[in-house]
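The values are calculated or read from the model by the stated rules, or taken from the named source; none is laboratory data. Treat the numbers as computed from the prediction; the structure is a model and nothing was measured. Please note: Cβ atoms are built from the backbone with ideal geometry, for glycine as well, and neighbour counts cover all protein chains shown. Each accessible area value is taken on the protein alone, full model and side chains, heavy atoms only, with ligands, DNA and RNA left out. Shrake-Rupley method; radii C 1.70, N 1.55, O 1.52, S 1.80 Å.
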Amino acid sequence: VDRLLAADPLDLPPARVPTLPAWADAGTLPAVRLVGRHLALPATATRHLLTALAMSRIDDPAPTVDQMIEGCDRGSLRALAWALFERWLALGAPPREYWVLHALGLLGDDTTVRRLAPLIQAWPGTGGHTRATVGLEVLAAIGSDVALTQLDAIARGARHLGLRDRAVTKLHEVAAVRGLSAEELADRIVPDLGLDRAGSLGIDYGPRRFVVGFDERLRPVVTGPDGRPRAALPKPATSDDPDLAAAGRRRFVELKRDVRAIAGHQIVRLEQAMVTQRRWRAAEFQELFVAHPLLWHLVRRLVLVHATPAEPVTVVGAVRLAEDRTLADLDDTPVLLGDDALIGVAHPLHLGADRTAWAELLADYEILQPFAQLGREVFRLTDAERPQPRLARFAAATVATRRLLGLERRGWRRADPGDGGIQGWIERPAPCGRSVVVSLDPGIAAGDPELFPEQTFEEIWVHGPGESRWAPRRGSRLGDLDDVTVSEVIRDLSEVTR
C-alpha cells in the first residue's frame with residue numbers, strides 16, 4: 001500500500017494510449033509557446049500534449065496536462081484548443097473525439113467563452129443536445145465570472161427547455177460548492193471587465209493614451225489626451241505604436257460587446273428582482289451593486305425601497321442612488337441605512353401616491369429607466385375575485401403557443417412532460433410556496449413546441465403548498481396572493497391574450 005501511494009502518477013504508464021486523428025496534426029495547428037512567448041514547443045512535444053488531452057476529460061485530466069499548462073502560454077493553448085475544436089466541428093463533431101470539447105474546458109479562457117456560448121444555445125435545435133450539455137460543463141470548468149454569467153444567462157433564457165434545465169442544475173452545483181444559492185451566485189459573478197471603481201479603463205497607443213468609460217445607459221465614452229469625449233477609439237496614427245494600438249482596439253471591441261451582453265442580462269435580473277420582491281442586506285447591496293463599476297449605472301436609474309429586517313418584512317420608504325453613490329429620498333435628503341436593513345427594487349405598488357412624484361424627479365434629472373418601473377401598468381383583483389380559487393377573467397382565452405413560451409423569460413415555467421410528451425400547464429412561482437397555474441388545451445409538445453400553434457386557457461388557479469395539481473383546486477384563494485404577484489400575473493396574461 002505504501003508503495004502504491006508513494007508512486008508518482010507521471011511514472012505510471014496509461015492503460016491505453018489513443019491514436020490521434022489525422023486532422024489533429026501538430027504540424028498544422030497553431031504553435032504552442034512557452035511562458036514568456038519567446039520559445040515554441042516543437043511538433044513532437046505538441047503531439048504529446050494533444051495525446052494527453054485525448055486521454056483527458058474535464059473532470060479527470062491526464063496527470064501530465066496540469067504540468068504542461070503551467071509551463072505554456074495560456075493564450076497559445078487557447079488558440080490550439082479552438083483550432084482543434086473548429087476542425088472537429090467541420091467534420092461533423094464525431095462522437096469518438098469528444099475530448100476536443102473537453103479540451104476547451106481545460107485550456108479555454110474568456111475568449112473561448114464568448115465564442116462557445118452562442119453555439120451552445122444553438123446546438124439543441126440541430127440535434128446537438130449532448131454536445132450542448134458538454135458545452136455547459138466547459139463553461140463551468142472555465143469558471144470565470146464571464147463563463148458563469150453565460151451559464152446563468154442560458155439557465156434563464158435558453159429556448160430549449162432541456163438545455164435550460166441542465167444549465168440550472170449545473171449552476172446550482174457550482175453555487176453549492178461555494179455555499180451560495182443560485183441567485184446569490186449570480187449576484188457575485190457579474191464581471192468588472194478590468195474596469196476601475198469609477199468604471200473606466202486605460203487603453204495605451206504608445207505616445208497617446210485614452211480612457212474608456214460608460215455613461216448611465218452603458219454606452220462607451222472615450223476621452224483622449226485632448227480631454228474631448230468621443231464614442232469610439234480613433235484610428236491609429238503613424239506616430240502610434242502599431243502593436244499597442246491594434247491590441248487596444250481589440251480590447252475596446254471586446255469591452256463593448258461584453259458590456260452590451262452584461263447590461264441586457266442584468267436588466268432582466270433587476271426586473272425579476274422587482275417582480276419577485278427580492279431583498280438584499282444594505283451592506284450586501286452596497287458591495288454587489290453600488291460599488292460595481294457597471295451595475296451602479298443601472299441601479300441609479302431605478303427607485304429602490306428599504307424595509308425592516310424583521311418578519312414580516314415591511315417597506316419603510318423609497319430612495320434612489322444619487323450621482324455620488326449615496327442614497328437619497330424624494331426630497332433629495334441623504335438617507336443612511338444600517339447594514340442589516342433590507343433594500344430592493346421598488347414595485348410601483350410599493351410607492352402609492354408618491355409614484356407620480358418619483359417619475360417627475362427622475363424626469364427632472366433626465367434619467368431614463370432600463371425597464372418599465374414607474375410607468376408600469378398595475379392590476380388588482382376585484383372584490384368578487386378575491387375569495388375565488390380560480391381567475392375567471394381569462395377563461396377560454398386562445399393564445400399563440402409562441403407568445404405563451406415568451407412568458408418563460410419572465411419566470412413562468414412549463415410542466416414536466418406527461419403522456420405523449422405533452423406539457424399540460426404553465427405556472428409562475430409565488431411567495432409562501434404558492435404558484436399560479438394555467439392549464440392548457442391541447443398542451444405544449446415538449447419535443448416540438450410548435451406542433452400545436454395555439455393554446456386555450458382551461459383554468460387559472462392558485463396552487464398552495466402540498467396540494468396536488470391533479471386534485472380539485474379548492475384549498476387556496478386568489479386573495480391569498482400578495483398584491484405585487486397578482487398585478488404581475490394579470491399583466492403577463494393580459495399581454496399574451498391581447
Scan the range 285-307 for residues that are free of Cβ contacts under 8 Å to residues at least 12 places away in the same chain and either in a strand (DSSP E or B) or acidic (Asp, Glu) (or both) and jot them down.
Glu287
Scanning the range 372-382 residue by residue, the ones that are open to solvent by 50 Å² or more (accessible area, probe 1.4 Å) and in contact with a helix residue (DSSP H, G or I) (Cβ under 8 Å, 6 or more places away or on another chain) total 3
Candidates Leu20, Leu34, Leu29 - the one that is over 25 Å from Tyr98 (Cα atoms), at pLDDT 90 or above and in contact with a helix residue (DSSP H, G or I) (Cβ under 9 Å, 6 or more places away or on another chain)
Leu34
Options Arg16, Arg33, Arg3: the member that is open to solvent by less than 90 Å² (accessible area, probe 1.4 Å) and over 21 Å from Ala141 (Cα atoms):
Arg33
Going through the range 184-199 one residue at a time, which ones are under 20 Å from Glu323 (Cα atoms) and surrounded by fewer than 17 Cβ atoms within 10 Å (Cβ to Cβ)?
Asp192, Asp196, Arg197, Ala198
Suppose the filter is at pLDDT 95 or above, closer than 24 Å to Arg159 by Cβ and not polar (S, T, N, Q); does Leu116 pass it?
yes
Which numbered condition trips up Gln388, out of (1) part of a helix (DSSP H, G or I); (2) within 30 Å of Cys432 (Cβ to Cβ)?
(1)
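Matching residues to (1) among the hydroxyl-bearing types (Ser, Thr, Tyr); (2) closer than 21 Å to Pro442 by Cα; (3) at pLDDT 85 or above:
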residue	(1), (2), (3)
Glu467	no, no, no
Arg473	no, yes, no
Asp482	no, no, yes
Glu488	no, no, yes
Arg491	no, no, yes
Thr497	yes, yes, yes
Give the residues of the range 298-339 that are among the acidic types (Asp, Glu) and touching a strand residue (DSSP E or B) at 6+ places or on another chain (Cβ under 6 Å), sorted by residue number.
Asp329
Collect the residues in the range 214-234 that are touching a Lys or Arg at 6+ places or on another chain (Cβ under 7 Å), closer than 14 Å to His297 by Cα and open to solvent by less than 50 Å² (accessible area, probe 1.4 Å), keeping them in residue-number order.
Pro220
Going through the range 97-132 one residue at a time, which ones are touching a Ser or Thr at 6+ places or on another chain (Cβ under 9 Å) and among the polar types (S, T, N, Q)?
none
What are the pairs with Cβ atoms under 9 angstrom where one residue, in the range 359-371, is touching a residue at least 60 places away in the same chain (Cβ under 8 Å) and surrounded by 14 or more Cβ atoms within 10 Å (Cβ to Cβ) and the other, located anywhere, is outside any helix (DSSP H, G or I) and of a type in the set (Gly, Ala, Ser)? Sequence gap at least six, or different chains.
Gln369/Gly375
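Residues are listed down the side, and each one gets a yes or a no for (1) of a type in the set (Phe, Trp, Tyr); (2) on the phi > 0 side of the Ramachandran plot; (3) in contact with a strand residue (DSSP E or B) (Cβ under 6 Å, 6 or more places away or on another chain); (4) open to solvent by 40 Å² or more (accessible area, probe 1.4 Å):
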residue	(1), (2), (3), (4)
Arg414	no, no, yes, no
Arg428	no, no, yes, no
Cys432	no, yes, no, yes
Leu440	no, no, yes, no
Gln455	no, no, yes, no
Gly475	no, no, no, yes
Gly479	no, no, no, no
Val486	no, no, no, no
Ile490	no, no, no, no
Looking at the range 319-350, which of the residues that are within 17 Å of Phe289 (Cα to Cα) and among the acidic types (Asp, Glu) is most open to solvent (accessible area, probe 1.4 Å)?
Glu323
Are any residues in the range 418-437 in contact with an Asp or Glu (Cβ under 9 Å, 6 or more places away or on another chain) and part of a strand (DSSP E or B), and if so, which ones?
Gln423, Gly424, Trp425, Ile426, Arg428, Ser435, Val436, Val437
Identify all residues within the range 90-129 that are of a type in the set (A, V, I, L, M), touching a residue at least 12 places away in the same chain (Cβ under 8 Å), open to solvent by 20 Å² or more (accessible area, probe 1.4 Å) and part of a helix (DSSP H, G or I); write none if there are none.
Leu106, Leu119
Of the conditions (1) open to solvent by less than 70 Å² (accessible area, probe 1.4 Å); (2) outside any loop (DSSP other than H, G, I, E, B), Arg251 fails just one. Which one is it?
(1)
